[in-house]
Structure formats: C-alpha cells, structure tokens
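Worksheet: the structure to be examined is printed underneath.
Please treat every number below as a calculation from the coordinates, not as lab data. Remember, it's a predicted structure, so these values are computed and weren't measured experimentally. Please note: Cβ atoms are built from the backbone with ideal geometry, for glycine as well, and neighbour counts cover all protein chains shown.
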Amino acid sequence: MAKWGEGDPRWIVEERADATNVNNWHWTERDATNWSSEKLKELLMGLRVESDDGMCEITEFSKVEGEASINNRKGKLIFFYEWNLKATWTVHAI
C-alpha cells in the first residue's frame, strides 16, 4: 500500500468535491443488449454453410433473448454476454 499522497496519480476521486470518475478509472458499465441483439441478427441472418454434401442457410430468428454489457475498470474493457438464440434454417442436400 502506498503512503498517503504517493498513490497512483489517476486515483484522484478523493481530491474532487464532485467525486467524478476521471478517465473511467473506477468501474463503469454500459448496457449493450439492444445493439448486440440487432448485430447478432444482422451477422447471422442469411448465413450459409456449404460443403460437398449440401448447403445450410439461416432463414429466421424466432427467439433472441439475453443480455450484454461493456464494463470498464482501470482503463480495461471487460465484456459480459449471455444469449439464447433460436433460429430456423433450410438445408439443401446434394
């Protein structure tokens, strides 16, 4: 532990009357559920996997449930997510 006044210069909350979270040094969290839900649909809708045996394509999402968040602690990004997806796909065999 540092002596009084010799700590990390980024740790300045105690010196501020408004206790502002300078440079996101302390834990901050942002909800990314809506953005990531739309992004998952955008990336996966119409996805095709082909092989010598045939082709499979995602055609519809009937369930997109879950959550996602972006956290910042001491300048490092931490991502949390949990998704439950249910999709319909078509298969064309050769």
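Assorted remarks:
- Ratio Rg/Rh [Cα only; Rh per Kirkwood] for the stretch 26-93: 1.17
- Across the stretch 26-93, the relative contact order, built from alpha-carbon pairs under 8 Å that are at least six residues apart, equals 37 percent.
- In nm, spacing of pseudo-spin labels at E57 and L44 (7 Å Cα→C-beta vector): 1.8 nm
- T28/L85 FRET efficiency (R0 30 Å; Cβ-Cβ; nearest 0.05): 0.60
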